[in-house]
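Enquirer: Take this structure first; my questions come after.
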């Protein structure tokens with residue numbers, strides 16, 4: 001298993017070198033079709049699903065394509081995320097906004113999943129990539145599945161104010177009125193209440209704001225005060 005991981009990391013190094021040299025040169029020369037063809041070859045070398053599939057389907061379907069049986073390789077997710085991100089930039093240069101958007105969404109979803117798996121590579125700056133893609137997608141309505149993962153990521157990183165903003169973005173959507181969001185939000189606030197004052201201050205969400213946020217959240221869904229504490233505790237544990 002460790003040999004397989006080392007092999008993938010070596011392949012990622014070679015892949016990023018190709019992106020930084022040959023593909024960048026082609027982009028500067030406005031040879032977009034050739035650059036995309038080069039990236040397509042890299043998909044094959046990394047033994048990834050074809051770009052036309054991985055970059056065109058919704059993020060959850062794309063993630064399922066990355067599975068081997070019931071398992072996911074964090075390193076392969078890093079590689080696929082990097083390739084999708086590079087393709088998105090090229091499609092944007094070609095005025096292919098739709099193609100660029102879906103590839104950025106899928107790349108961000110892959111990176112967030114890779115972060116959950118603890119994947120690391122010296123050649124892919126995971127946190128910088130996530131920040132870049134999130135910034136580029138700010139002008140768009142991101143899928144709720146991505147926002148949930150992004151909220152988990154921000155919480156784990158200690159960016160509590162950003163996580164709360166994402167929580168309320170989900171709340172503001174009609175499609176988020178499912179049975180999970182109320183308990184999810186309750187679990188979020190209860191988890192923060194267990195943090196030290198210093199940690200909350202560093203996360204830009206002081207304890208008094210957490211407490212008021214919890215009250216407002218419970219007021220929005222009265223059933224949370226009557227019950228659901230067990231579900232909240234379970235959700236907090238899984239979110240952590």
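What follows draws every value from the coordinates through simple rules; no lab data is involved. Keep in mind that what you see is a predicted model, and the values were worked out from it rather than measured. All Cβ positions, glycine included, derive from the backbone under ideal geometry; neighbour counts span all protein chains shown.
Enquirer: For the range 73-219, treating each Cα as an identical point scatterer without solvent, what Debye log10 I(q)/I(0) comes out at q = 0.09, 0.13, 0.14 1/Å?
Expert: Taken in order of the listed q values, log10 I(q)/I(0) reads -0.32, -0.64, -0.73.
Enquirer: For all pairs of alpha-carbon atoms in the range 70-136, what percent lies in each bin of width 10 Å, listed from the first bin to the last filled one?
Expert: For the range 70-136, the pair-distance distribution reads 24, 54, 20, 3.
Enquirer: Figure the gain on full extension for residue 197 and residue 180 (residue separation times 0.36 nm, minus the Cα-Cα span) and round it to one decimal in nm.
Expert: Residue separation times 0.36 nm, minus the Cα-Cα distance, leaves 3.3 nm.
Enquirer: Additional query: Relative to the longest principal axis of the chain, what angle (0 to 90°, nearest 10) does the C-alpha long axis of helix 160-171 take?
Expert: So the inclination is approximately 90 degrees.
Enquirer: Which peptide among 43-51, 144-152 comes first, and what is the full order, when sorted by highest mean count of other Cβ atoms within 10 Å?
Expert: 144-152, 43-51
Enquirer: What ranking, highest mean first, results for peptides 180-187, 32-39, 93-100 when packing means the other Cβ atoms within 10 Å averaged over each residue?
Expert: Ranked from most to least packed, the peptides come out as 180-187, 32-39, 93-100.
Enquirer: If I fit a long axis through the Cα atoms of helix 229-239 and take the longest principal axis of the Cα atoms of the chain, what angle between them do I get, 0 to 90°, rounded to 10?
Expert: 30 degrees
Enquirer: State the Kirkwood hydrodynamic radius of the range 32-147 in Å, one decimal place, computed from all pairs of distinct Cα atoms.
Expert: Across the range 32-147, the inverse of the average 1/r is 14.0 Å.
Enquirer: So for each of 196-207, 53-64 I average, over its residues, the number of other beta carbons within 10 Å; can you give me the resulting order with the highest mean first?
Expert: Per-residue mean Cβ counts within 10 Å order the peptides as 53-64, 196-207.
Enquirer: What is the calculated FRET efficiency for residue 221 to residue 145, with r their C-beta to C-beta distance and R₀ = 22 Å, to the nearest 0.05?
Expert: So the FRET efficiency works out to roughly 0.55.
Enquirer: Sticking with this one: If I model a spin label as a point 7 Å beyond the Cα along the Cα-Cβ vector, how far apart are those points for residue 45 and residue 97 in nm?
Expert: Distance between label points: 3.4 nm.
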